[in-house]
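The values are calculated or read from the model by the stated rules, or taken from the named source; none is laboratory data. As the structure is a computational prediction, the values presented were derived from the model and not from experiment. Every residue, glycine as well, gets a Cβ built from its backbone with ideal geometry; the counts of neighbours run over all protein chains shown.
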Amino acid sequence: MTAPQRAARLLERAPWVATIGAPVAAIGIVALGLALLGQRPGPALAAMLRGSFGDADAVVTTLLKASPLLLTGTAVALSFRCGVWNIGAEGQLVTGAVLATAMATRIAPDAPAFVLLPLCVAAGAAGGAALAALAGLLRVKRGVSEVIATLLLNFVALQALALAVHGPLQETSAAYPQSDALPAAALLPAAGRLHLGVALAGAMAVATAWLLFRTPAGFRLRAVGLSPVAARFAGLSPEREVMHALVLAGALAGIAGAFEVMGVTRRLFEGLASGAGYTAIAVALLARLHPLAVLPAALFFGALEAGAGAMQRNAGVPSVVTQVVQGLVILLSLGFGAGEVRLLAGRARSRPLAGEPAAREP
Amino acid sequence: MDALLEAALRLAGPLLLAALGELLIERTGVINIGLEGVMLCGAFGAFACAVATGSPAIGVVTGGVAGCALGAVFALFAVVRRADQIVVGTAINLLALGLTGVASRTLYGGAVPTAPAIGTVALPGLAAIPTVGPALFVQPPYVYAALALALAIGLFFRRTRPGLRWRAVGESARAADAEGVAVTRVRVVAVLVGTFLGGVAGSALPLSQSNVFTEGMTAGRGFIALAIVIFGRWSPLGVTLAALFFGAAHALQFWLQARGFDLPYPLFLMFPYAVTLAVLGFSTGRARAPEDLGRAYRREAA
């Protein structure tokens, strides 16, 4: 047995090795790179740890950064499980934030909190779901690859955000390209900076895990993801499941956007889209597409983002280094490829990217 | 009006170059959505090298090599190891954004120098044609290179044996394999050549369109180039027309703004993406994507 085969056997028996190994190796590679650039990686890592878990305030920052990743990561894991290559969580998050802001500042600004809070979250969910459903319709009805559709819709959503804050949602004083501050009734209940959305995001990840693995609906989604042809022979409609997966994932990402404006930024502005939709792919892969494992994976990337700021201030290491870690974690998760990720990596997709409409499959 | 024409062609050049690189890759059945990152690496590599050596030509080559280096990572994971192409492409984009950011901040701190610029080249004779001459034939070399390359790629796919093999790999990797074509080798070579072109296209941003490098300066151009390949229906001629169309849309935005039309600029930025989606959604007939696009090829056990 050769060394790679032995390693593969080990990963087969203990998939958690890959889950722990990927981020550790990624940070190791980055530390090595920093050393080669003449930085001192030790103090940088220490500053990052202090910035993410050093005190109560740092932990709160970590949780706040992890919260949108939790929702978008769950969204990506859910759609990948159904074989839907949804890389549009970024656009879905943005659309959710825009619609939640529209609800809070324009449509129902005077509603009491017990009405406005659910309305805003619902608006966010509807926005994300609508954008994802558009991509779903393009795939199901017109045979357009969802990869291309969700990718392009990200940019449409980003420019829609820019239009909104320069136009219909711009603050009343029209001084800056940003929305009015959300009315107090639209703000999530919070203890200090820690808002209720963080707990709700965790609950939604758990609920998604339950849906996927404990309900018939979840079984249908996964069946289509494993083999659309077999699922069709079993009487399922892959088109329907694809739409379900996209709408659900879009709603989760849209809620992430709503929570950001309702709990963190309290206004809408262009900088709101910070890449949480792309980081989500790293989160989902590290979690091996399991929503429960998304909890620690999101926490890891949240801590990374929270710590990066402190690292830049105190050790002079540019915070963009986090994106290198994200990219490496994705590659290493694929490379270590255990269990579901290897399945996802090795499986030829059921249909080519932009070929015949899915409806014509046998 | 001729200013509009000139700008349209000038802006279309690098887009076309990047799209042609992606076209080469996609015709062999591989989709690289890491093109944005490849262009960004090319932009940084070209800028850093042009600043260090003072020679924009060396910069352009380095840009291509930098894009190609990232392409090698993509090829290793997505082609050789057969990991999912979309996921690897996403990782490539994240890596490029992070690496170029760290490198530029480490190298230059707050004071980013300016790079030596690549000027325009007047084609002798043609540039003397009244009105359209100066607009069409006094352009940066990127434009001529891209147009010549479009022609060359068209001939390569239509008229040469290797071109036929490449297309066969994209349409049916299994059939090509049975015919004795080395599927993995063809795909790796296509990725390396294509990402070299992507890197060269990226070098146009700091060396021809502005003289500095800024983080994330590709600003979605790699994704527009992806859209151009689809919009152009995977044919060199179609891709050329699509690139000119998007270049013109971009130029029109500046032209209208310069004339004091108060148009919401996000609408213009949204335009290429929305048009591509609309075309994909409303086009009838069979999409002409390579049949095996996005599929990893695994030889079945004998």
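Quick grid of which residues meet (1) in contact with a Gly (Cβ under 6 Å, 6 or more places away or on another chain); (2) farther than 23 Å from residue B:101 by Cβ; (3) in contact (Cβ under 8 Å) with a residue 24 or more places away in the chain; (4) surrounded by 20 or more Cβ atoms within 10 Å (Cβ to Cβ):
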{"residue": "A:261", "(1), (2), (3), (4)": "no, yes, yes, yes"}
{"residue": "A:280", "(1), (2), (3), (4)": "yes, no, yes, yes"}
{"residue": "A:291", "(1), (2), (3), (4)": "no, yes, yes, yes"}
{"residue": "A:317", "(1), (2), (3), (4)": "no, no, yes, yes"}
{"residue": "A:320", "(1), (2), (3), (4)": "yes, no, no, yes"}
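Give me the helices (runs of 4 or more DSSP H) completely within the stretch A:84-170, filtered to those with at least 1 residues that are basic (Lys, Arg), ordered by residue number.
A:113-142
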Selection status of residue B:257, more than 8 Å from every other protein chain (Cβ to nearest Cβ), more than 17 Å from residue B:16 (Cβ to Cβ), in contact with a Phe, Trp or Tyr (Cβ under 7 Å, 6 or more places away or on another chain) and without any contact (Cβ under 8 Å) to a residue 60 or more places away in the chain: no
Going by the conditions given, is residue B:150 farther than 19 Å from residue B:16 by Cβ, surrounded by 15 or more Cβ atoms within 10 Å (Cβ to Cβ) and at pLDDT 95 or above? no
Just wondering, is there one or more residues in the stretch A:173-196 that are away from chain B (no Cβ under 14 Å) and among the basic types (Lys, Arg)? yes
Inside the stretch A:226-256, the number of residues satisfying the requirement of being basic (Lys, Arg) and in contact (Cβ under 8 Å) with a residue 60 or more places away in the chain is 1
Please enumerate the residues belonging to the stretch B:153-191 that are among the small types (Gly, Ala, Ser) and surrounded by 15 or more Cβ atoms within 10 Å (Cβ to Cβ). B:154, B:163, B:168, B:170, B:172, B:173, B:176, B:190
Please work out which residue is nearest to residue A:124 (Cα to Cα), limiting yourself to the stretch A:60-110 and to residues that are β-branched (Val, Ile, Thr) and touching a Ser or Thr at 6+ places or on another chain (Cβ under 8 Å). A:101
Would you be able to say whether some residue in the stretch A:29-44 is in a helix (DSSP H, G or I), closer than 26 Å to residue A:334 by Cα, more than 14 Å from chain B (Cβ to nearest Cβ) and not acidic (Asp, Glu)? no
Would you call residue A:262 over 30 Å from residue A:195 (Cα atoms) and at pLDDT 95 or above? no
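Is at least one residue of the stretch A:95-109 within 14 Å of chain B (Cβ to nearest Cβ) and free of Cβ contacts under 8 Å to residues at least 24 places away in the same chain?
No.
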Considering every residue within the stretch B:210-227, establish whether at least one is under 13 Å from the mean Cα position of the chain (by Cα) and aromatic (Phe, Trp, Tyr). yes
Given the criterion out of contact with any Leu (no Cβ under 6 Å at 6 or more places or on another chain) and polar (S, T, N, Q), identify the matching residue among B:106, B:131, B:100. B:131
Does the stretch B:235-244 include one or more residues that are hydroxyl-bearing (Ser, Thr, Tyr), assigned to a helix (DSSP H, G or I) and modelled with pLDDT under 85? no
I'd like to check something: does the stretch B:193-209 contain any residue that is surrounded by fewer than 23 Cβ atoms within 10 Å (Cβ to Cβ), modelled with pLDDT under 90 and out of contact with any Cys (no Cβ under 6 Å at 6 or more places or on another chain)? yes
Does the stretch B:292-302 contain any residue that is part of a helix (DSSP H, G or I), at pLDDT below 85 and among the aliphatic types (A, V, I, L, M)? no
